[in-house]
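Notes follow the structure.
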Amino acid sequence: ARTVTRDADGVVTVGGLDVTRLAEEFGTPAYFLDEADFRARCQEWRGAFGTDADVFYAGKAFLSRAVVRWLYEEGLNLDVCSGGELTTALAAGMPAERIAFHGNNKTPEEIEKAVSVGVGRIVVDSFLEIARVAHIAQGLGKRQPVQIRVTVGVEAHTHEFIATAHEDQKFGIALSDGSAEIEGGPAAEAVRRVLSLDGLELVGIHSHIGSQIFDMAGFEVSARRVVGLLARIRDEHGVELPEIDLGGGLGIAYTSDDDPREPHEIAKALSSIVTRECEAAGLRVPRISVEPGRAIVGPTAFTLYEVGTIKPLEGLRTYVSVDGGMSDNIRTALYDAEYSVALASRTSDAEPMLVRVVGKHCESGDIVVRDAFLPADLAPGDLIAVPATGAYCRSMASNYNHALRPPVVAVRDGAAHTIVRRETEEDLLRLDVG
Ligand code: LLP
């Protein structure tokens, strides 16, 4: 369903519209989001997981009201992690029961709002929060469904994962107390606490192990350990929890070296691990849910930039400066993330030259694409496109150097419309009230 291609003149098009026209209408830099691709990915995830599982889109990757409407229409649920994301979700009409609320330090105001509107679940992250949510729910005369976020001692990144018995991080409640026994630690205590509180209904256990993951082995360990906790809960309390959530983190292709798993492979792997482990433990198989953010929205958008200056450094590389940078894509500077880049407004037969695509910000770490090749006849005014910027680019964008954050333009079937508009200088001055 991906609609990005090149027309007969070699100009990149998306949804049937060419980028030169899009740049004229919407300016650069801008994110262009292929709505058909977004919807197709939602359908693919829903289809792969079927009706016995739920897919919660992780709004932190990119959220706007249009996105919420698409998710709603395609049958996905939504994971939010702040009052702002919750407000956006509700403003776009997502039913509260299809929303999960995450975070390691939800404020009392955020909890109160989430409980009052009736979010489907709050994923509790600490003992203090368990008490806080229970107190607020009771005050409102409600019983709030919660999942407990546990840390399973698995840290996964791309092709590797590390399984340990010990956790040193801010999220979740550890399964293990650091000893060899995996299921008898703080998480088992959190379960006791939640079950003892009237304002809370314990519906499941949640685990999220990392991001940009290609290897299913980390999920396998995580699922096994979570099911181990379910068995312990059954033994200790005589209850079988109905849900487990295995989080997000599934990787996408940023460059041609990346080899992501398909949703149906992921669904099959997860459900067979959970089923096998539950059968071995004599447990009913719980309803599984997942929370992909990047894997849904990441590949659906590209950033279009205009080339400004070109600076060849003899024997090294050529620095190509664009009209955006770390304010619209912090990932290269922050994580050493890799991206590719292509000349989008024309084709060229010129020799490839080694370039570094950099932004216009006042620091040398302001790199968009560290190493890439572009044609040697590249010239100011050319448009270049950086693919796979749908996730964690606009959502992590900043106003550094008082940059104006770019718009997100949705393109579908020959029509383009702004879903998040470009900031203006008036927007900047509006906040500056001194
Ligand atoms: N669920 C939970 C509880 C999470 O913490 C996250 C991401 C997700 C789901 C979605 O993960 P995804 O499927 O999008 O990988 N800013 C970083 C990524 C941070 C992810 C934080 N949590 C980046 O740009 O790579």
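The values are calculated or read from the model by the stated rules, or taken from the named source; none is laboratory data. Since this is a predicted model, take the numbers as computed values, not measurements. All Cβ positions, glycine included, derive from the backbone under ideal geometry; neighbour counts span all protein chains shown.
Could you list all residues from region 321-335 that are under 21 Å from Leu374 (Cα atoms) and of a type in the set (Ser, Thr, Tyr)?
Those that are under 21 Å from Leu374 (Cα atoms) and of a type in the set (Ser, Thr, Tyr): Ser321, Thr332.
Quick one: how many residues across region 79-96 are closer than 17 Å to Arg394 by Cβ and not small (Gly, Ala, Ser)?
Looking only at that region, the number is 4.
Can you give me the number of residues within region 222-246 that are away from the ligand (no atom under 16 Å from the Cβ), surrounded by fewer than 21 Cβ atoms within 10 Å (Cβ to Cβ) and within 27 Å of the chain's Cα centre (by Cα)?
Residues that pass the stated criteria total 2.
Picking from Tyr335, Tyr319, which residue would you name as being among the hydroxyl-bearing types (Ser, Thr, Tyr), over 20 Å from Leu22 (Cβ atoms), surrounded by fewer than 16 Cβ atoms within 10 Å (Cβ to Cβ) and within 16 Å of the ligand (Cβ to nearest atom)?
Tyr335
Among the residues of region 383-404, write down those that are assigned to a helix (DSSP H, G or I), under 19 Å from the mean Cα position of the chain (by Cα) and not small (Gly, Ala, Ser).
Arg394, Met396
Before we move on, is Asp215 over 20 Å from Ile122 (Cα atoms), modelled with pLDDT under 95 and more than 10 Å from the ligand (Cβ to nearest atom)?
Judged against the criteria, Asp215 is a match.
Going by the conditions given, is Cys81 in contact with an Asp or Glu (Cβ under 6 Å, 6 or more places away or on another chain), at pLDDT 95 or above and under 21 Å from Gly249 (Cα atoms)?
no
Check Ser364, Ser345 and return the single one that is of a type in the set (Ser, Thr, Tyr), buried (at least 20 other Cβ atoms within 10 Å of the Cβ) and away from the ligand (no atom under 16 Å from the Cβ).
Ser345
Looking at region 257-272, which of its residues are assigned to a loop (DSSP other than H, G, I, E, B) and within 17 Å of the chain's Cα centre (by Cα)?
Pro260, Arg261, Glu262
Quick test for you: out of Gly141, Gly103, pick the one residue that is modelled with pLDDT of 95 or more, closer than 17 Å to Leu246 by Cα and either of a type in the set (Phe, Trp, Tyr) or in a loop (DSSP other than H, G, I, E, B) (or both).
Gly103
Each row is one residue, and each column tells you yes or no for (1) polar (S, T, N, Q); (2) within 16 Å of the ligand (Cβ to nearest atom); (3) in contact with a helix residue (DSSP H, G or I) (Cβ under 7 Å, 6 or more places away or on another chain); (4) assigned by TED's automatic domain parsing to the domain that holds Gly381.
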| site | (1), (2), (3), (4) |
| --- | --- |
| Val12 | no, no, yes, yes |
| Asp18 | no, no, no, yes |
| Ala23 | no, no, no, yes |
| Cys42 | no, yes, yes, no |
| Thr51 | yes, no, no, no |
| Gly59 | no, yes, yes, no |
| Leu63 | no, yes, yes, no |
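As an exercise: evaluate Ala187 against (1) buried (at least 19 other Cβ atoms within 10 Å of the Cβ); (2) part of a strand (DSSP E or B) and give the number of the one condition it does not meet.
With respect to (1) buried (at least 19 other Cβ atoms within 10 Å of the Cβ); (2) part of a strand (DSSP E or B), Ala187 is out only on (2).
Within region 23-34, which residues are crowded, with 24+ Cβ neighbours inside 10 Å and not in a strand (DSSP E or B)?
Answer for region 23-34, where residues must be crowded, with 24+ Cβ neighbours inside 10 Å and not in a strand (DSSP E or B): just Pro29.
Conditions tested, residue by residue: (1) hydrophobic (A, V, I, L, M, F, W, C); (2) touching a Leu at 6+ places or on another chain (Cβ under 9 Å).
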site: Phe56; (1), (2): yes, yes
site: Ile99; (1), (2): yes, yes
site: Asn104; (1), (2): no, no
site: Glu109; (1), (2): no, no
site: Lys113; (1), (2): no, yes
site: Gly118; (1), (2): no, no
site: Ala131; (1), (2): yes, yes
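Restricting to region 405-434, and then to whatever is part of a loop (DSSP other than H, G, I, E, B) and among the acidic types (Asp, Glu), can you tell me which residue is nearest to the chain's Cα centre (by Cα)?
Here the answer is Glu423.
Check Arg276, Arg287 and return the single one that is more than 24 Å from Trp70 (Cβ to Cβ), more than 16 Å from the ligand (Cβ to nearest atom) and either without any contact (Cβ under 8 Å) to a residue 60 or more places away in the chain or in contact with a strand residue (DSSP E or B) (Cβ under 7 Å, 6 or more places away or on another chain) (or both).
Exactly one of Arg276, Arg287 is more than 24 Å from Trp70 (Cβ to Cβ), more than 16 Å from the ligand (Cβ to nearest atom) and either without any contact (Cβ under 8 Å) to a residue 60 or more places away in the chain or in contact with a strand residue (DSSP E or B) (Cβ under 7 Å, 6 or more places away or on another chain) (or both), namely Arg276.
Go over the candidates Ile288, Ile252, Ile296 one by one and state the one that is within 30 Å of Ala156 (Cβ to Cβ), modelled with pLDDT of 95 or more and in a loop (DSSP other than H, G, I, E, B).
Ile252
Kindly provide the set of residues from region 376-390 that are surrounded by fewer than 18 Cβ atoms within 10 Å (Cβ to Cβ) and farther than 13 Å from Gly308 by Cα, ordered by number.
Ala376, Asp377
Among (1) part of a loop (DSSP other than H, G, I, E, B); (2) over 26 Å from the mean Cα position of the chain (by Cα); (3) aliphatic (A, V, I, L, M), where does Met326 come up short?
(2)
Just to be sure before I move on: is Ser179 among the hydroxyl-bearing types (Ser, Thr, Tyr) and either touching a Leu at 6+ places or on another chain (Cβ under 9 Å) or surrounded by 16 or more Cβ atoms within 10 Å (Cβ to Cβ) (or both) in the structure I sent?
no
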